[in-house]
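The values are calculated or read from the model by the stated rules, or taken from the named source; none is laboratory data. Since the model is a prediction, treat every value here as computed from it, not as a measurement. Ideal geometry is used to build each Cβ from the backbone, glycine not excepted, and the neighbour counts take in all protein chains shown. Just so you know, the surface numbers come from the protein's heavy atoms only, side chains and all, with ligands and any DNA or RNA stripped out. Shrake-Rupley method; radii C 1.70, N 1.55, O 1.52, S 1.80 Å.
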Amino acid sequence: MAEILVLVEHVDGAVKKVTLELLTLARTLGSPSAVWAGPGYSPDIQAKLAEYGADKIYVADAADLADHVVAPKAELLAQLVSTATPAGVLVAATAEGKEVAGRLAVKTDSGIITDAVGLGEGFTAEQSIFGGGVNVTSRVTKGTPIIAVRPNATTPEPSPAAGTEQRVEVTLSDTARLAHVVDRVKQEKGARPELTEAAIVVSGGRGVGSAENFSIIEKLADSLGAAVGASRAATDAGWYPHQFQVGQTGKTVAPQLYIAAGISGAIQHRAGMQTAKTIIAINKDPEAPIFELADFGVVGDLHQIVPQLTEEVEKR
Ligand code: FAD
C-alpha cells in the first residue's frame with residue numbers, strides 16, 4: 001500500500017487532535033506513516049499514533065529540531081520524501097503546517113494544496129479558495145502531493161496499526177538554523193477548547209452590543225463545551241480579544257457546529273467559517289446575508305434567544 005506521510009502537530013508533549021484527523025484521512029488513501037519532529041516523544045505518543053492508524057512512525061527527536069522555528073520540519077520531511085518516496089504528504093492547515101508545506105513544496109519541487117476540507121482518491125482535495133468564496137476540487141500534478149488539511153475536516157476514528165518506530169537523523173542546513181527561537185511564552189489555557197480545533201464554536205458579532213454582553217455568548221459556549229469566536233466588528237470594538245477573531249484576517253474554523261449570533265455574514269467573516277458542517281444564525285434582521293449560508297436560522301433578538309438556548313442546553 002502506498003505510504004503517506006503525516007506530520008504530527010504536538011504541544012506540551014501531547015498529539016493535537018488534527019493529527020488524528022489526518023491519520024484517519026490518510027488511511028483512506030494508503031498506509032499512514034506519522035512523522036514526529038522535536039523532543040518529547042514517548043511511548044504514550046507512540047501508542048496514540050498507532051491507535052489512530054500509523055503503520056510506521058518516523059522519529060526525529062533531536063533537541064535542536066525545536067530550536068529553529070519551522071525550517072527543520074520542512075528539511076526532515078524533504079529528507080523522508082526523497083528516501084521513502086511516499087505517495088503524498090499531509091500536514092495540518094495551521095499557521096505552522098502551511099509554512100512547513102510551502103517550504104517542503106519548494107524543496108521537493110512539488111505541488112501544494114492548502115486549506116483542503118476533504119480528500120479523495122488520487123489525492124484530489126476539496127479546497128476553499130478566494131477567501132472562501134469558491135469551493136473547488138484540485139489535484140497536484142507535479143512531484144509529491146503536499147496537502148494542508150483544515151482542522152475538523154473529518155472526525156478522528158481509531159483503527160489500531162503497528163506503529164513501528166523508525167529513528168531518523170536529520171542534518172540541518174545552515175539556512176534552517178537562520179531563525180532561532182529565543183523564548184517561549186505559554187498562553188494561558190482556559191477551560192474552553194482551542195478555537196481552530198473545537199468541534200463547536202459560538203461566535204458573537206456587533207449585534208452583541210458590548211464587551212459585558214459577551215458573557216451570554218461565553219455561557220452558551222460553556223454549556224455546549226464550545227470555543228468562543230468573534231467577528232472583526234466585535235474584536236475591533238475591543239469587546240473580545242483579537243486572537244478569537246474568525247474570518248479572512250482572523251482564524252479559520254471548520255467545526256461540526258458554528259453558531260453565529262449578531263453577525264451579518266460579510267464575505268470576510270464567511271471566509272473563516274463557511275466550511276462548518278452545520279451553521280446556525282441568530283439575527284434580528286431576516287434579510288441578513290448570514291441566513292443564505294445558515295442551515296438553521298433564528299430571527300430575533302440574541303439577548304433573548306441566546307440565554308434561552310443556554311437554559312435549554314443546560315437542562316439536558
Ligand atoms: P455587522 O455587519 O454590523 O452586523 C451585525 C449584525 O448583527 C447585523 O446583521 C444585525 O442585524 C445583527 N444584530 C444587531 N443587533 C442584534 C440583536 N440584538 N440580536 C440579533 N442580531 C442583531 N470580518 C470578520 O468577521 N472577520 C475577518 O477576519 C474580517 N477581515 C476583514 C478583512 C478586510 C480586508 C476587510 C475589508 C474586512 C474584514 N472584516 C472581517 C470585516 C467585515 O467586512 C465586516 O465588517 C464584519 O464581519 C462585520 O461584523 P458583524 O457581522 O459583527 O457586524
Candidates per GluC sites (Glu not before Pro) in region 222-316, loop by DSSP, up to 10 other Cβ within 10 Å: Glu287
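Any idea of the accessible area per residue across the chain, 1.4 Å probe, to the nearest Å²?
Values: 14730 Å² over 316 residues.
It amounts to 47 Å² per residue over the chain.
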Net length gained if the chain between Ala211 and Thr28 were fully extended (0.36 nm per residue, minus Cα distance): 61.4 nm
Nearest-ten-degree value, helix 302-315 long axis tilted from longest Cα axis of the chain: 60 degrees
Helix 17-27 vs. the chain, principal-axis angle (Cα, 0 to 90°, nearest 10): 60 degrees
Distance in nm between pseudo-label sites at Ala2 and Glu96 (7 Å out along the Cβ direction from Cα): 2.8 nm
All lysines inside 24 Å of Lys16 as judged from Cα atoms, apart from same-chain residues fewer than 8 positions distant: Lys48, Lys56, Lys73, Lys98, Lys186, Lys189, Lys251, Lys277
Residues listed by number, region 218-243, amide nitrogen under 19 Å from Asp12 label point at 7 Å toward C-beta: 225-228
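Sort the chain into rounded, prolate or oblate with this rule: let a ≥ b ≥ c be the square roots of the eigenvalues of the Cα gyration tensor; rounded if a/c is under 1.5, and if a/c is not under 1.5, prolate when a/b is larger than b/c, oblate otherwise.
In terms of gyration-tensor shape, prolate.
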Full-extension gain in nm, Glu292 to Ser173, via 0.36 nm per residue minus C-alpha separation: 37.8 nm
Relative contact order %, region 29-92, counting alpha carbon pairs below 8 Å whose residues are six or more apart: 35 percent
Simple spin-label estimate for Val313 and Ala47 in nanometres, 7 Å along Cα-Cβ: 3.3 nm
Loop-located trypsin sites (Lys or Arg not before Pro) in region 184-289, at most 12 other Cβ atoms within 10 Å (DSSP): Arg184, Lys186, Lys189
Local net charge near Gly13, Cβ-Cβ under 12 Å (Lys/Arg +1, Asp/Glu -1): -1
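What percentage of the solvent-accessible surface of the chain, computed with a 1.4 Å probe over protein heavy atoms, is contributed by carbon and sulfur atoms?
On the way: 7460 of 14730 Å².
Of the solvent-accessible surface of the chain, carbon and sulfur hold 51 percent.
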